[in-house]
1. Mean residue ellipticity at 222 nm from the helices of chain B, using -39,500 (n - 2.57) per DSSP H segment of n ≥ 4 over the full residue count, to the nearest 500 deg cm²/dmol?
2. Excluding B:Ile80 itself, calculate the net charge of residues whose Cβ lies under 13 Å from the Cβ of B:Ile80, where each Lys or Arg counts +1 and each Asp or Glu counts -1.
3. I'd like to verify something in chain A: which complete DSSP H helices, judged by Cα projection on the helix axis, reach 24 Å or more and average at least -1.0 on the Kyte-Doolittle scale?
4. Which residue fluctuates the most in chain B, going by a Gaussian network model with Cα springs under 10 Å, if the choices are B:Ala298, B:Ala150, B:Ala42?
5. To test your reading of the geometry: what angle, between 0 and 90 degrees and rounded to tens, separates the Cα axis of helix B:110-124 from the longest principal axis of chain B?
6. To the nearest Å, what is the center-to-center distance of region B:1-78 and region A:187-238, using C-alpha atoms only?
7. Taking K and R as +1 and D and E as -1, what net charge do the other residues with C-beta under 11 Å from the C-beta of B:Lys200 add up to?
8. So who's got an amide H within less than 5 Å of the one on B:Ser272, skipping anything under 5 residues away but keeping other chains? H placed 1.01 Å off N, in plane.
Amino acid sequence: MQNVFNIAWRQFRSYFNGPVAYIVAIIMLGVVGFMFWTFFFLQGRATVHEMFNWMGYVMVIAAPAITMGLIAEEKASGTIEILLTMPVKESEVILGKFFGAFGLYLVIVLLTFVNPLAVSQFGQLDWGPVMTGYLGLVLEGSAMIAIGLVASSTQSNQLVAFFISLFLLAFVGWLVPAAARFLATGWLASALETISFTHHLESMARGVIDTRDVLFFVSLTIAGLVLSFQAVESRRWS
Amino acid sequence: MSDVMIEAHGLGKSYGSFVALKNASFELRRGEILGLLGPNGAGKSTTMKILTCFIAPSTGTAKVNGCDIWEDSIGARAAIGYLPESTPLYQEMLVKEYLDWVAAMRGLSGEKAERRVLEVVEEVGLEPKIAATIKELSKGFKQRVGLAQALIHEPPILILDEPMSGLDPNQAAEIRELIRRIGEERTVILSTHNLDEVQKTCQRVLIIHEGRIVADDTPEALIATSGGPRYRVTFLDGRRLEAGSLRDAKGAPDARAAFGKLAGVDAVRELSNKDGEIKVEITATAKVSDLRPEIFQAAVEAGMVVVGLETKTQNLDQVFRDLTTGEPEPEERRRPKRRAPAPEEE
């Protein structure tokens, strides 16, 4: 556990030595803030529901940016050779990397809390859906980061890793939700909804904690971690 | 605890159809400094990566400090300090910050960690750079950071992949001195292309060629077994010494016949014939005493006008070339412009 923490902490801090953390934070806070407030004043209702959707859309780009370097950069620079010859398990390395990126995500998510706080100044804000929405955001982010980690674990080029996870996340986070909304009803629409990130987040943003939504994100996170572990472990045998 | 720190049994590694290492077995005892020598791609790094548990061997196994690399890889890794080739470090970190992190990863904490970091910084001479960012350091200082991270947990075994490559001669000398000091109480494996370094630093040499161990001995023994000393005789072409005075003569005296009949001579070959001077090399069989008087005597009897006689002792460079190319050292290596035609025999 100590190893996981040490790896995660180093990873977390390293974000602030480069531009990635700042760019991601500015995009998330800026774009989400702008889109949310624009719609907020058009709508004129005291709700932050829309913010969660915008966060999910922006994370399709932000998650690949946060995760692209996790393992790929260590492979490219060779530092993975020092890391994996320390007395640590591969699983600890993967978990450490995951939590390092997840920590950065949590900090950014925490900063978006200014939005509901501001909204509550304008009117009576129902805090229940805000809290479940944030839970959904945390779960969705962990699934997206785990998917990005898989891409980074299989590549030694950060940019390739970025585009692989961008492609995957754009599919489930942009394309599928848009298609489901376009079709609106029918079996295809409901089939698309089951793999749509937006759909699973949305019900939580409405204040409903459905175990299916929670399980969706949690199982994706676990699958991502397991696949990443296998990718790193298989390197020993190649 | 046994004195054997590393035991490798039949280690092999294949990448698809490419065999990087084949059936490598060796033992290494406490306090030994082993030099791994070999051309690029010979299997040096592969051997090191297997011992450090970075990659798994395709065949065979090894014990590191008594821990099997298959069954107790964590135990094996804990006993090793490893500096990979080209010193990969987290460039954006500060030296102190990085070493603190390595100490924590190596299971050190609190006062002990703090003390070890400062000790190791002093040991490798990093004090002036402790607050610097790693990417701003010179190659020599980066190498020291690499050594520091390998030493922080006081490992009984150090594995250093080309620790001196890319350093200028002064830096290399400092790092070599450091390794020799470190090697006093530890078992060290280092790989290098630089034969001079091996002769100066290592008590034992393992020469790897095309994935196989082709030699395993002390540098001195390798030099001794690979042939005796060589003598180079230069004499005037077309002149003879007769009755104490020089006469013109037709053709070159037959050096091969003159020197070939001497006891202890293995081979005679012509190195060059230019500007009226002929140079031959006489290879003595191993373990003969100085042949210079006999050579001189034979030359006089043959009427040869000797203008030069030098002894060339066999060095590791030659041994390495012999073992890894099967060809003798090219002549006049240091003066490529006047390079002689390829030697026809050895």
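1. When only DSSP H runs of four or more count, the value is -9000 deg cm²/dmol.
2. Numbers: positive: B:Lys49, B:Lys63, B:Arg77, B:Arg106, B:Arg186; negative: A:Glu81, B:Asp72, B:Glu154, B:Asp161.
My count for the surroundings of B:Ile80 gives +1.
3. A:20-43, A:49-67, A:90-111, A:127-154, A:211-234
4. Evaluated over chain B, the most mobile residue of the options is B:Ala298.
5. It works out to around 20 degrees.
6. Between the Cα centre of region B:1-78 and that of region A:187-238, the gap is 41 Å.
7. Combined, the nearby Lys, Arg, Asp and Glu give -1.
8. Amide H neighbours of B:Ser272, under 5 Å, 5+ apart: B:Lys279.
Throughout, read-outs are computed from the coordinates displayed, never taken from laboratory work. Since the model is a prediction, treat every value here as computed from it, not as a measurement. Here Cβ is always computed from backbone atoms with ideal geometry, including for glycine, and neighbour counts include all displayed protein chains.
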